[in-house]
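The values are calculated or read from the model by the stated rules, or taken from the named source; none is laboratory data. Nothing here was measured: the structure is a model prediction, and the numbers come from that model. Cβ sites come from the backbone with ideal geometry, for glycine too, and all protein chains shown count toward neighbours.
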Amino acid sequence: MMLNNIRAKLSNKHFLSLAGNGAMAMFSVLTYIILFRVLSPEDMGNWVFFQFAIIFIETFRTGFLQSALIIFYSGTSQKMANNVVGSSWYIGIVITGVFIALNVVGVLIFGYIGTEDPSVILLLKWLGVSLLTTLPFNLGSWIQQAKDRFDHILYIRLINQGSFILFIIIFYVWGNIDLNTIVYSFIASSALTSILTLIFGWSSFRNLKDRSKECIQKIFDYGKYSVGTVLSSNLLKTSDSFIIKIMLGPAALAIFNVSQRLLDILEVPLRSFVATAMPELSAAHNQGDKSKVSTIMQKYAGMLTMLLIPLSIGSLIFADFIVLIIGGEQYAGTASANIFRIFMVFGVFFPIDRFLGITLDMVNQPKLNLIKVIIMLTVNVVGDYIGIVLFDNLYAVAVVSVFTFLAGVIFGYKALRRYLVFTLRDIITTGFRESVSLVKNLLNKNKLHTNS
């Protein structure tokens, strides 16, 4: 009986999603623990720049495909589902081909005018290969999310991040660890993950033949807004890094990045519940049940807010120790710990901001979500520039982030209230009520197991 209960809990989609994102965060932290110790601050800053640039460019595929695939796939016939998958594959291949062509043009241009920036050189060399090797496993992850197969997503992430660390360790033992071999490890792990995703059928590549012009157009019509949202959202995440590298240098970027890596603590539950909530929100909207959409949004956003409050308090107290563990002694005593503390002050706004945006997408208002993110991006970029010019330090960038997320919450709240009936107070009270109920249920189940 107890074994069956354990098996049921382990197969729960919320647990699997949390496990997948937790594994991603754990491997990410472990990777940075290694890299912060084997690379100089300059090389570390250049690796961060390369990684963020790849992620930023990949948002074109993510924006066009992820949300649209989930929305149009869920609750449809098998024939329509295959159509959506095949059309998504077609768009993904076209987008990848366009960027590979642009990469070739970039190599020719920069080869003519010349550049000495190592991060730009790496990007020019490996952009096309990176996009090609990540396409199958990224599409496979989104398809499995639409199917609610979070166990497959967990396997994909474990293979990808686990092999990346393994390749880094191999180069380190070999005595050849540097910026170039880190990129080689990234390419190799992406290729391995994509090959296995294709072999196991998780990417459904065979459905490419089931595409149709009508479905491609439908995905494109939705994606033209969502790609702007995802692109702006990722630019929002990477804009700090670009501005810091340009205005303060790669060493300052490495210091700032330590605190950003610590934010993965908050991102683990956030990404997990966003992934599981999206199909629920979309299904409720497709059924025309606005009240259910509102309830789902309030439940997830509220419970995550309650969860992040103690995590934020703990992070404020132990920030110095955490920075020492993650970054090593060379980052102890730097601005990293205090920047992390500033981030944690507004960290409790993350769930509300994220779910306001996700719900706008799920109620078929991607244009409003795009406007929301553009407002946040504008506040962040202008604020970063002014802050660094006036104060010439990293603290200004961290403080500006507080106002960035407040702007997002205010606009998202006002925009979503046009379509759903709720208040910010409803989110908090619902979250508190659901959290108390969850704790009581867990305590009762634990008591029953103890008595039995």
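Within segment 295-314, residues that are assigned to a helix (DSSP H, G or I) reach partners that are at pLDDT below 85 and among the charged types (D, E, K, R) with beta carbons closer than 8 Å, at six or more positions or on different chains, in the pairs 296/280; 299/434; 302/434; 303/434.
Within segment 151-172, none of the residues are more than 19 Å from the chain's Cα centre (by Cα), in contact (Cβ under 8 Å) with a residue 24 or more places away in the chain and outside any helix (DSSP H, G or I). Out of 251, 277, one residue alone is assigned to a helix (DSSP H, G or I), in contact with a Phe, Trp or Tyr (Cβ under 8 Å, 6 or more places away or on another chain) and either among the aliphatic types (A, V, I, L, M) or assigned by TED's automatic domain parsing to the domain that holds residue 370 (or both). It is 277. Among the numbered conditions (1) farther than 30 Å from residue 394 by Cβ; (2) more than 22 Å from the chain's Cα centre (by Cα), the only one that residue 193 does not meet is (2). Residue 429 falls short on exactly one of the conditions (1) in contact (Cβ under 8 Å) with a residue 40 or more places away in the chain; (2) buried (at least 19 other Cβ atoms within 10 Å of the Cβ); (3) in contact with a Gly (Cβ under 9 Å, 6 or more places away or on another chain), and that condition is (2).
Of 253, 208, 248, 263, all but one fail to be aliphatic (A, V, I, L, M), within 26 Å of residue 144 (Cβ to Cβ) and more than 16 Å from the chain's Cα centre (by Cα); the exception is 208. Criterion applied to 337, 301, 319 was being buried (at least 17 other Cβ atoms within 10 Å of the Cβ), outside the structural domain of residue 231 (by TED's automatic domain parsing) and within 17 Å of residue 420 (Cα to Cα), and the one residue passing it is 301.
Based on this model, can you work out whether residue 64 counts as surrounded by 20 or more Cβ atoms within 10 Å (Cβ to Cβ) and at pLDDT 80 or above? So residue 64 passes the test.
Please determine, by comparing only the residues of segment 194-204 that are part of a helix (DSSP H, G or I) and touching a Pro at 6+ places or on another chain (Cβ under 7 Å), which one is surrounded by the most Cβ atoms within 10 Å (Cβ to Cβ). My answer is 197.
Within segment 320-342, being polar (S, T, N, Q) and in a helix (DSSP H, G or I) holds for 330, 336, 338. Of the residues 410, 386, the single one that is within 20 Å of residue 241 (Cα to Cα) and either surrounded by fewer than 17 Cβ atoms within 10 Å (Cβ to Cβ) or modelled with pLDDT of 85 or more (or both) is 386. The number of residues in segment 82-97 being closer than 16 Å to residue 201 by Cα and without any contact (Cβ under 8 Å) to a residue 40 or more places away in the chain comes to 0.
Evaluation of residue 177 against the conditions (1) outside any helix (DSSP H, G or I); (2) among the hydrophobic types (A, V, I, L, M, F, W, C); (3) under 30 Å from residue 217 (Cβ atoms) shows that the sole unmet condition is (3).
One line per residue, one yes/no per condition, for (1) more than 30 Å from residue 76 (Cα to Cα); (2) surrounded by fewer than 23 Cβ atoms within 10 Å (Cβ to Cβ):
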residue: 139; (1), (2): no, no
residue: 144; (1), (2): no, yes
residue: 155; (1), (2): no, yes
residue: 179; (1), (2): yes, yes
residue: 192; (1), (2): yes, yes
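Given the criteria of a type in the set (Val, Ile, Thr) and farther than 21 Å from residue 192 by Cβ, does residue 98 qualify? Answer is yes for this residue.
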